[in-house]
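The block underneath contains the structure these notes are about, expressed in structure tokens.
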Amino acid sequence: MQLKTILNRVQKFKSFVYKSVRWVGNEAAPELEVEVAERANGKPVCSGCGHHRPGYDRLAKRRFEFVPLWGIKVFLVYAPRRVECPSCGIRVEQMPWAMGKRPLTRAYGWFLASWARRLSWKGFFVDSCEA
Ligand SMILES: [Zn+2]
């Protein structure tokens, strides 16, 4: 089974697909990078108002940390598009996995929050994950 199959099972996005998966990092600290791409003909969604808007340009690739797999760090890699929105101006598109500007996916945020609760550090992570 491929990592992409697992990801599509646990975290499937309507407007984005998982592309290639590759090893990065080094022997001591291996990491997996999963390339994410928008679906063909998918118009970006404005992060300000949540409406589909025409694309403006594309920013540099960013890494979003996902839930680690067997202790291996996993990152989603995506170059966000910007939209030209008549009500919000030029804005970064909405990415369903992203938590605001943080380099962390929602899935990993919730994962950390659930562990924080289990370890009874209540309130420590919870605030940062509800953005
Ligand atoms: Zn907007």
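The values are calculated or read from the model by the stated rules, or taken from the named source; none is laboratory data. Predicted model only: the values in this text are computed from it and were never measured. Backbone-built Cβ (ideal geometry, glycine too); neighbour counts: all protein chains shown. Quick note on the areas: whole protein, heavy atoms, side chains included, nothing else; ligands and nucleic acids left out. Shrake-Rupley method; radii C 1.70, N 1.55, O 1.52, S 1.80 Å.
Determine whether segment 34-44 contains at least one residue that is surrounded by 12 or more Cβ atoms within 10 Å (Cβ to Cβ) and within 18 Å of Gly100 (Cα to Cα).
The answer is yes, given that some residue of segment 34-44 is surrounded by 12 or more Cβ atoms within 10 Å (Cβ to Cβ) and within 18 Å of Gly100 (Cα to Cα).
Filter segment 21-50 down to the residues that are more than 16 Å from the ligand (Cβ to nearest atom), of a type in the set (Gly, Ala, Ser) and under 15 Å from the mean Cα position of the chain (by Cα) and list them by number.
The answer is Ala37, and nothing else.
Answer yes or no: is there a residue in segment 52-64 that is out of contact with any Lys or Arg (no Cβ under 7 Å at 6 or more places or on another chain), among the aromatic types (Phe, Trp, Tyr) and at pLDDT 95 or above.
Among the residues of segment 52-64, at least one is out of contact with any Lys or Arg (no Cβ under 7 Å at 6 or more places or on another chain), among the aromatic types (Phe, Trp, Tyr) and at pLDDT 95 or above, which makes the answer yes.
If a residue must be open to solvent by 50 Å² or more (accessible area, probe 1.4 Å) and in a loop (DSSP other than H, G, I, E, B), how many such residues does segment 68-93 contain?
4
Restricted to segment 51-62, and to residues that are under 17 Å from the mean Cα position of the chain (by Cα) and either within 13 Å of the ligand (Cβ to nearest atom) or assigned to a loop (DSSP other than H, G, I, E, B) (or both), which residue is surrounded by the fewest Cβ atoms within 10 Å (Cβ to Cβ)?
Within segment 51-62, the match that is surrounded by the fewest Cβ atoms within 10 Å (Cβ to Cβ) is Ala60.
Which condition breaks for Asn8 when tested against (1) over 15 Å from the mean Cα position of the chain (by Cα); (2) without any contact (Cβ under 8 Å) to a residue 40 or more places away in the chain?
(1)
Of the conditions (1) modelled with pLDDT under 90; (2) charged (D, E, K, R); (3) open to solvent by less than 50 Å² (accessible area, probe 1.4 Å), Lys101 satisfies every one except a single condition; which number is it?
(3)
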